[in-house]
Amino acid sequence: MPRVATSLLEIEQIQRVSALLNNVAPFSGQTIVVTTADGKARAGKLLSHNCGSRRRRRGKETCHYGTINLTTPTGEAEINYLDVVWIALK
């Protein structure tokens with residue numbers, strides 16, 4: 001399971017990254033560059049992106065999550081929405 005948001009700011013980050021992806025690369029197969037908080041830029045074809053929320057047990061809490069899956073020259077990469085700084089087309 002991907003890392004989940006633990007604060008309102010992280011939930012807003014997930015919403016921001018989702019909007020960036022929908023504006024830049026709404027379809028799988030597009031080549032994009034994802035820059036992460038550690039300063040790395042990963043370029044690759046967008047395999048999929050998945051974000052959402054689900055209720056935890058007993059319906060008391062909701063967790064929010066998101067991941068980007070890329071095919072890069074060195075293999076597949078999974079990037080958590082919480083680590084993303086910027087997304088651009090290559």
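Odds and ends about this structure:
- Restricting attention to segment 16-49, the residues that are surrounded by 15 or more Cβ atoms within 10 Å (Cβ to Cβ) and either over 21 Å from L89 (Cβ atoms) or of a type in the set (S, T, Y) (or both) add up to 3.
- Residue selected from segment 1-50 under the condition modelled with pLDDT of 95 or more and assigned to a loop (DSSP other than H, G, I, E, B), by the criterion nearest to G75 (Cα to Cα): K40
- Matching residues, segment 1-15, being loosely packed, with under 12 Cβ neighbours inside 10 Å and touching a residue at least 12 places away in the same chain (Cβ under 8 Å): M1
- Of all residues in segment 57-90 being among the aromatic types (F, W, Y) and surrounded by 15 or more Cβ atoms within 10 Å (Cβ to Cβ), the one that is farthest from the chain's Cα centre (by Cα): Y65
The values are calculated or read from the model by the stated rules, or taken from the named source; none is laboratory data. Not measured: the values here are computed from a predicted model. Glycine also receives a Cβ, built like all others from the backbone with ideal geometry; neighbour counts cover every protein chain displayed.
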